[in-house]
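For reference, the structure is listed below as structure tokens.
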Amino acid sequence: MITFTVSTYNNLEYLKWCIKSVRQNAYFKDAPFIVHAENCTDGTNEWLEQVKDKYDLEIYIEPHFEPARGIGGGMNFCADKVKTEYIIFLQSDFYVAEEFDLDLLNEIRKHDGKYVVSSWRIQPNIFNDAERPGTIFTPLDAFGAYHNDFNENAFLDFSREFSSLNNIQIRRGEGAGGYIIKKEDWDYIGGNDALFAPTSWEDMDLFIRMQNEGFGFVQTTRSVIWHFAGRGSHRLEENSGTSSIRQQTTENINQTKFFKKWGTFPTTDGYGFVKPIPSNKNKMKYDIFNNTSDFI
């Protein structure tokens with residue numbers, strides 16, 4: 001019924017945790033698993049070739065000369081390959097708790113119409129974040145903060161108790177992954193806009209378009225994911241605690257693209273979830289691969 005997908009870019013040590021956790025902890029352990037590797041130079045390509053049979057992975061390795069798809073484009077790439085009724089989008093810096101997938105499936109089946117159901121997130125507080133609905137920030141020494149000090153047994157014990165004691169649903173979507181959606185609904189909305197490749201602002205744009213088309217959203221404590229906190233995009237270890245140059249550059253560029261497309265900047269509700277924006281008749285159509293744009 002479901003296909004797991006993940007798109008990755010130079011994030012090998014965290015990707016190892018992600019893939020291992022899905023095959024170890026998911027209820028549908030043998031479900032199809034599509035992995036897209038974008039222009040990786042850190043050993044990811046070679047490792048995927050080595051373990052594709054062990055983990056029963058359908059892998060797609062893009063050559064270095066291909067334009068950067070980024071998070072949103074990688075999700076689109078994987079979704080195009082899915083043949084099951086549901087897609088579960090993951091990020092390469094996730095570690096999934098036990099039966100997270102079954103809990104997502106059970107929740108989305110409760111609702112009629114188009115829906116997105118997200119897992120609750122637990123993550124180390126490496127950015128000194130304030131409270132955020134749908135996320136629990138933990139001290140760095142609670143379960144570890146990096147790929148080499150993560151305590152999976154302690155996290156699994158915590159996630160079992162947390163899910164058994166809490167049954168909370170809020171109206172919220174979570175970032176670029178960690179959620180389930182029907183394949184037909186993903187195709188209906190058209191996936192992520194290539195305008196925002198390779199990273200940033202694509203998730204807000206997607207969730208705005210979804211709300212404009214009547215999608216419902218649920219984030220549930222019944223399903224839990226450990227998020228290493230932006231390691232797939234910010235690359236903290238390699239940049240002395242700061243975001244990568246690629247991340248910083250595209251965040252600034254995509255902020256401008258978002259404003260040109262929608263005519264305003266996004267706002268959020270009481271749950272920190274982006275509010276819908278009426279469609280802008282003069283929105284910009286941008287060809288990211290040919291670096292051209294025009295208005296439609």
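Values in this text are rule-based calculations from the coordinates and carry no lab data. Predicted model only: the values in this text are computed from it and were never measured. Heads up, the Cβs are rebuilt from the backbone with ideal geometry, glycines too, and the neighbour counts pull from every protein chain shown.
Search the structure for amide H atoms under 5 Å from the amide H of residue 138, placed 1.01 Å from N in the peptide plane, and list their residues when 5 or more places away or on another chain. For residue 138, whose amide H was placed from the backbone, the distant partners under 5 Å are 123, 125. Toward the positive end of the charge dipole of the chain, with +1 on the Cβ of Lys and Arg and -1 on the Cβ of Asp and Glu, the farthest Cα among 31, 92, 212 is that of 212. Dividing the Cα radius of gyration of the chain by its Kirkwood radius returns 0.94 for Rg/Rh.
Considering only DSSP states other than H, G, I, E and B, which trypsin sites (Lys or Arg not before Pro) in the stretch 15-80 qualify as loop sites with at most 10 other Cβ atoms within 10 Å? Don't skip to the answer; put the middle values down first.
Values: sites: 16, 20, 23, 29, 52, 54, 69; in loops: 29, 52, 54, 69.
In loop regions of the stretch 15-80 (DSSP not H, G, I, E or B), the sparsely surrounded trypsin sites (Lys or Arg not before Pro) are 54.
Basic side chains Lys and Arg get +1 at the Cβ, acidic Asp and Glu get -1 at the Cβ, and with that the dipole of the chain about its Cα centre reaches some 900 debye.
At 0.36 nm per residue, minus the direct Cα-Cα distance, what do residue 213 and residue 255 gain on full extension? Give it in nm, one decimal, please. Kindly include the intermediate steps, with their values, before the conclusion.
On the way: separation 42, 0.36 × 42 = 15.12 nm, distance 2.30 nm.
That pair, residue 213 and residue 255, stretches by 12.8 nm at full extension.
So for the stretch 2-295: antiparallel DSSP bridges make up what percent, rounded to the nearest 5? Roughly 40 percent of the beta bridges in the stretch 2-295 run antiparallel, per DSSP.
Spin-label model, residue 161 to residue 148: label points 7 Å out along the Cα-to-beta-carbon direction sit 3.0 nm apart. Label point of residue 16 set 7 angstrom out along Cα-Cβ; within the stretch 82-115, amide nitrogens under 17 Å from it belong to 92-96. Taking amide H atoms as placed 1.01 Å from N in the peptide plane, the amide H of residue 151 lies under 5 Å from those of 144, each 5 or more residues away in sequence or on another chain. If the segment from residue 59 to residue 248 were pulled out straight at 0.36 nm per residue, it would be longer than the present Cα-Cα gap by 65.2 nm. What's the longest uninterrupted piece of the chain once you rule out the GluC sites (Glu not before Pro) that are loop residues per DSSP with at most 16 other Cβ within 10 Å? Counting only loop sites that pass the neighbour cut-off, the longest clear stretch is 1-84. Helical content of the chain, expressed as a calculated mean residue ellipticity at 222 nm, amounts to -10000 deg cm²/dmol (DSSP H runs of 4 or more residues, -39,500 (n - 2.57) each, divided by residue number, nearest 500). The chymotrypsin sites (Phe, Trp or Tyr not before Pro) of the stretch 106-140 that DSSP puts in a loop, and whose beta carbon has at most 14 other beta carbons within 10 Å, are 127.
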